[in-house]
Ligand SMILES: Nc1nc2c([nH]c(=O)n2[C@H]2C[C@H](O)[C@@H](COP(=O)(O)OP(=O)(O)OP(=O)(O)O)O2)c(=O)[nH]1
């Protein structure tokens, strides 16, 4: 059976010359409150994955983005989050607006794109391999 599809954005300060990643701290559910993640959410029926990223980012952060490359995971559906869900993630850059924690988050932080800085945040455990893939793709210049 297909996994539930989640989509998210690895928002960089610049797709061309990235130095920071926008990380978001969740407020719910209780088990995940206080943990950091890539802003995003569930695909709605009939929606394309990229379309869903734009919608979720506008709802949660109030900004428009342009998408760069996908941060490819091992599955066709991206990265396994648990036995029921997988997440596809795209690099993105803000084109309009200043991000605010409007929904689902209580704190946003621009974090330096290096392992010690990113690893100092308490990520949702399933996101850690994605964080490392983000760093590897940035290092390889594969963000757009
Ligand atoms: N957005 C997001 N969700 C993640 C990440 N890592 C991770 O395990 N998840 C899980 C948490 C949730 O169980 C699920 C995403 O659901 P969500 O609650 O963010 O989705 P949504 O905004 O559409 O939710 P809803 O309020 O409509 O129910 O994926 C991540 O980095 N970003």
Exclusive hit being in a strand (DSSP E or B), within 13 Å of the ligand (Cβ to nearest atom) and under 15 Å from residue 22 (Cβ atoms), set 89, 111: 89
Selection count, segment 133-144, where residues are in a helix (DSSP H, G or I) and surrounded by 14 or more Cβ atoms within 10 Å (Cβ to Cβ): 5
Unmet requirement for residue 70, which otherwise passes all of (1) under 18 Å from residue 137 (Cβ atoms); (2) more than 13 Å from the ligand (Cβ to nearest atom); (3) surrounded by 13 or more Cβ atoms within 10 Å (Cβ to Cβ); (4) more than 12 Å from the chain's Cα centre (by Cα): (4)
Selected residue [within 12 Å of the ligand (Cβ to nearest atom) and either part of a strand (DSSP E or B) or modelled with pLDDT of 95 or more (or both)] from 65, 53: 53
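Being within 15 Å of the ligand (Cβ to nearest atom), in a loop (DSSP other than H, G, I, E, B) and in contact (Cβ under 8 Å) with a residue 24 or more places away in the chain is true for just one of 102, 118, 21. Which residue is that?
Details: 118 fails: in a loop (DSSP other than H, G, I, E, B); 21 fails: in a loop (DSSP other than H, G, I, E, B).
Going through 102, 118, 21 in turn, just one is within 15 Å of the ligand (Cβ to nearest atom), in a loop (DSSP other than H, G, I, E, B) and in contact (Cβ under 8 Å) with a residue 24 or more places away in the chain: 102.
The values are calculated or read from the model by the stated rules, or taken from the named source; none is laboratory data. Because the structure is a prediction, the values reported are computed rather than measured. Note that we place each Cβ from the backbone using ideal geometry, even for glycine, and neighbour counts take in every protein chain shown.
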